[in-house]
Amino acid sequence: TQLLEQSPQFLSIQEGENLTVYCNSSSVFSSLQWYRQEPGEGPVLLVTVVTGGEVKKLKRLTFQFGDARKDSSLHITAAQPGDTGLYLCAGVRGSTLGRLYFGRGTQLTVWP
Amino acid sequence: EAQVTQNPRYLITVTGKKLTVTCSQNMNHEYMSWYRQDPGLGLRQIYYSMNVEVTDKGDVPEGYKVSRKEKRNFPLILESPSPNQTSLYFCASRHRSYNEQFFGPGTRLTVL
């Protein structure tokens, strides 16, 4: 069983559209991270959210951590072809500092 | 340049032939991890290490061994590889006080 459920698994949209990716769990996390991975490369960290209810913005990307620290979302405004990639959420549970639990990822394709 | 390096990047081998994938980081990070990435399954942690001589199992440790004799190196050993270990492998490291993980470029392993 997957500790973090990501949805949707695939997303194919036109340039300029908005989108939201969800990362849900029944477990509480001390922090949640979002990574982006391009083909042939390792994941690269986009943001870490730590506090329940926290919202962080990175240009056109908005990340939110749920109040109960069990879920998170990534919203992209006016998507561009350069946003294409695999988006992964990952969580740290309080007592297992070395463990990072990943969702299965959302493959986003933005068409010009 | 701060980085995580893995070697080899690509490897094709046969069932039962022992192999080692090396991982090295130059950031003096305490934590290091190995992951495998498979289509539809996302990133799954194999083993992690919180410091020299301290290692622990992740989600899918069967068939793998690791060692952490030096802080910078964390090799992954497959004593008797099998076809179900065909996968894309990533090594990662992070500082004990920060959540960001830095990933290597990946090793694509094929076991025939």
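The values are calculated or read from the model by the stated rules, or taken from the named source; none is laboratory data. Quick caveat: nothing in here was measured; it's all calculated off a predicted structure. Cβ: placed from backbone, ideal geometry, glycine included. Neighbour counts: every protein chain shown. Areas reflect the complete protein model, heavy atoms only, side chains present, ligands, DNA and RNA absent. Shrake-Rupley method; radii C 1.70, N 1.55, O 1.52, S 1.80 Å.
Of everything listed in (1) in a strand (DSSP E or B); (2) closer than 18 Å to residue A:98 by Cβ; (3) out of contact with any Lys or Arg (no Cβ under 9 Å at 6 or more places or on another chain), the single unmet condition for residue B:68 is (1). Among the residues of the range A:10-17, is there at least one that is surrounded by fewer than 14 Cβ atoms within 10 Å (Cβ to Cβ), closer than 30 Å to residue B:6 by Cβ, at pLDDT 95 or above and out of contact with any Leu (no Cβ under 6 Å at 6 or more places or on another chain)? The answer is yes; a qualifying residue exists.
Can you find a residue that is without any contact (Cβ under 8 Å) to a residue 12 or more places away in the chain, assigned to a strand (DSSP E or B) and surrounded by fewer than 18 Cβ atoms within 10 Å (Cβ to Cβ) anywhere in the range B:55-65? Checking the range B:55-65: at least one residue is without any contact (Cβ under 8 Å) to a residue 12 or more places away in the chain, assigned to a strand (DSSP E or B) and surrounded by fewer than 18 Cβ atoms within 10 Å (Cβ to Cβ).
Residue A:9: under 28 Å from residue B:33 (Cβ atoms), in contact (Cβ under 8 Å) with a residue 60 or more places away in the chain and out of contact with any Ser or Thr (no Cβ under 8 Å at 6 or more places or on another chain), yes or no? No. With the requirement that a residue be surrounded by fewer than 19 Cβ atoms within 10 Å (Cβ to Cβ), closer than 20 Å to residue A:99 by Cβ and not β-branched (Val, Ile, Thr), what does the range A:19-45 give you? Hits for the range A:19-45 are A:24, A:26, A:27, A:30, A:45.
Mind checking which residues of the range B:23-40 are among the polar types (S, T, N, Q) and outside any strand (DSSP E or B)? B:26, B:28, listed by residue number. Scanning the range A:74-95 for residues that are among the aliphatic types (A, V, I, L, M), open to solvent by less than 10 Å² (accessible area, probe 1.4 Å) and under 10 Å from the mean Cα position of the chain (by Cα) yields A:74, A:88, A:90. In the range B:66-79 there is no residue that is under 11 Å from the mean Cα position of the chain (by Cα) and facing chain A (nearest Cβ under 9 Å). Within the set of pairs 6 or more residues apart or between chains, which connect a residue that is more than 10 Å from every other protein chain (Cβ to nearest Cβ) inside the range B:85-110 to a residue that is at pLDDT below 95 and surrounded by fewer than 16 Cβ atoms within 10 Å (Cβ to Cβ) with Cβ atoms less than 6 Å apart? Matching pairs, first to second residue: B:87/B:38. Determine, yes or no, whether residue A:71 is more than 10 Å from chain B (Cβ to nearest Cβ), open to solvent by 20 Å² or more (accessible area, probe 1.4 Å) and among the charged types (D, E, K, R). Criteria met by residue A:71. Every condition in (1) surrounded by fewer than 20 Cβ atoms within 10 Å (Cβ to Cβ); (2) within 14 Å of chain A (Cβ to nearest Cβ); (3) under 11 Å from the mean Cα position of the chain (by Cα) holds for residue B:49 except the one numbered (1).
Restricting the range A:96-112 to residues that are open to solvent by less than 10 Å² (accessible area, probe 1.4 Å) and more than 11 Å from chain B (Cβ to nearest Cβ) leaves a set whose member that is nearest to the chain's Cα centre (by Cα) is A:108. Here the condition is being over 24 Å from residue A:34 (Cβ atoms), outside any loop (DSSP other than H, G, I, E, B), aliphatic (A, V, I, L, M) and open to solvent by less than 80 Å² (accessible area, probe 1.4 Å); of B:43, B:11, B:88, it holds for B:11 alone.
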